[in-house]
Amino acid sequence: MNLSTPLRLYVHIPFCVHKCHYCDFNSHVRHEPPWQSYQQALLQELGHWAEHPAFRGRKLASVFFGGGTPSLAPASLIAAVIAEAKQLFGTDSQTEITLESNPGSADAERFRGYRQAGINRLSIGVQSLDNTMLRWLERIHNSDEAIHAFQMARTAGFDNISIDLMFGLPEQTLEHWLETLHMALKLKPEHISCYQLTVEAHTALAARHAQQACPLPDDALALAMLYATREHLARAGYLAYEISNFSRPQLKCRHNDGYWQYDDYIGIGAGAAGKWNTSDGGITRYSNIRTPERYMERAINHTDAINSSETLTIDEAAGEACWLALRRSDGLDRRAFRERFGIDAASHFAGELEPWLQQQMLTISDDAIALTQAGLPLADSIAASVL
């Protein structure tokens, strides 16, 4: 095992005050979450993975608390998980430790507690700064509360803050979207994620959309929003390092970029997933039990909480690694791919990539395979062709 290969830790906090109708994440409404039992389960599971041969002795490059709504959790739980992770795996001064926060659950004292616990990066789920859009999204905050949450985070000492925004909302015009984007830029966050709304299967929104279609922007307008977003953020000094993610120089989300670069990661918590490289060049991955109560019972009594797992062959893993890497603005690093899989990606996937090259949706250089600007809207189709 190469101990220098980045290892990442994802901690899932599944509890929410309200489940928004578009959300397809593993989130559960609990008015009084069982924090003590959930913390015990997380620590038990963390100890289990610390002894796993794929992870033993490897230092954590990043930690990410996602959800659900992690900013509902007491600072003591966050502190306990970080302290245990540091003891079992080790971190250093460069380790990125992120917590997702909902403006509707933002609290100055809690932010200070998270900072003291070791969180050094916040990701605030603003989604919109238009109150009409926020009501349609079923968010529990308004525009003023979102701005206040950001300001509280600054006051608490956070100097690395990301804002999540959504475009392509019902009856949203390009002008309305850019107004939200410009309001967000006034806050001067270090990182901005801009996602187009998608109607995900098995959500409340999907059921409603099937009964009566939502007036979502057509493809031409959605595309205009995508390109305008990239243009305006570039002018404001934000680098597009992935299709939907933009940052000040040197301030990209290293944790998420690790997923796209096919790093190994441990996932703890209800519904969390993990992955490691196998000795034959493939990977093994697992996902946990999704229901919080069943997850806690399993983790506390058996230390792991795996619901399912699978192993991919080296060919399957190579396809998946290419698929993920194509989301990055730098694209797929051909040298790193050869070192990892023993094959050249451009040659190995020549047949799958050739049609996209002919249409100028892709470029291939000596160093990388990457999407062109024209290829961005077809990223999913292009990437899926290598699977």
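The values are calculated or read from the model by the stated rules, or taken from the named source; none is laboratory data. Every value quoted in this text rests on a predicted model; they were computed, and no experiment measured them. Note: ideal-geometry Cβ built from the backbone for every residue, glycine included; neighbour counts use all protein chains shown.
Here are the numbers for the structure shown:
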{"item": "Residue within region 114-127 that is touching a residue at least 60 places away in the same chain (Cβ under 8 Å), out of contact with any strand residue (DSSP E or B) (no Cβ under 8 Å at 6 or more places or on another chain) and charged (D, E, K, R) present", "result": "no"}
{"item": "The lone exception for ASN307 - which of (1) loosely packed, with under 13 Cβ neighbours inside 10 Å; (2) free of Cβ contacts under 8 Å to residues at least 24 places away in the same chain it fails", "result": "(1)"}
{"item": "Scan of region 328-340 for residues that are surrounded by fewer than 20 Cβ atoms within 10 Å (Cβ to Cβ) and not polar (S, T, N, Q), ordered by number", "result": "ASP330, ASP333, ARG334, ARG335, ALA336, ARG338, GLU339, ARG340"}
{"item": "Test: residue in region 263-270 that is among the aliphatic types (A, V, I, L, M), under 15 Å from TRP49 (Cα atoms), touching a helix residue (DSSP H, G or I) at 6+ places or on another chain (Cβ under 7 Å) and assigned to a strand (DSSP E or B)", "result": "yes"}
{"item": "Residue selected from region 320-343 under the condition among the small types (Gly, Ala, Ser) and out of contact with any Phe, Trp or Tyr (no Cβ under 8 Å at 6 or more places or on another chain), by the criterion farthest from GLN261 (Cα to Cα)", "result": "GLY342"}
{"item": "Test: residue in region 144-160 that is within 16 Å of PRO103 (Cβ to Cβ), touching a Leu at 6+ places or on another chain (Cβ under 9 Å) and hydroxyl-bearing (Ser, Thr, Tyr)", "result": "no"}
{"item": "Selection count where residues are in contact with a Lys or Arg (Cβ under 6 Å, 6 or more places away or on another chain) and among the basic types (Lys, Arg), scope region 249-303", "result": "2"}
{"item": "Flag for ARG298 being over 25 Å from the mean Cα position of the chain (by Cα) and either assigned by TED's automatic domain parsing to the domain that holds VAL11 or within 28 Å of HIS12 (Cα to Cα) (or both)", "result": "yes"}
{"item": "Flag if ALA318 is out of contact with any Leu (no Cβ under 8 Å at 6 or more places or on another chain), more than 30 Å from GLN39 (Cβ to Cβ) and not basic (Lys, Arg)", "result": "yes"}
{"item": "Among the candidates SER347, SER381, residue that is of a type in the set (Ser, Thr, Tyr), within 30 Å of ALA228 (Cα to Cα), part of a helix (DSSP H, G or I) and not assigned by TED's automatic domain parsing to the domain that holds PRO249", "result": "SER381"}
{"item": "Residue selected from region 92-138 under the condition within 21 Å of ALA204 (Cα to Cα) and of a type in the set (Gly, Ala, Ser), by the criterion surrounded by the fewest Cβ atoms within 10 Å (Cβ to Cβ)", "result": "GLY104"}
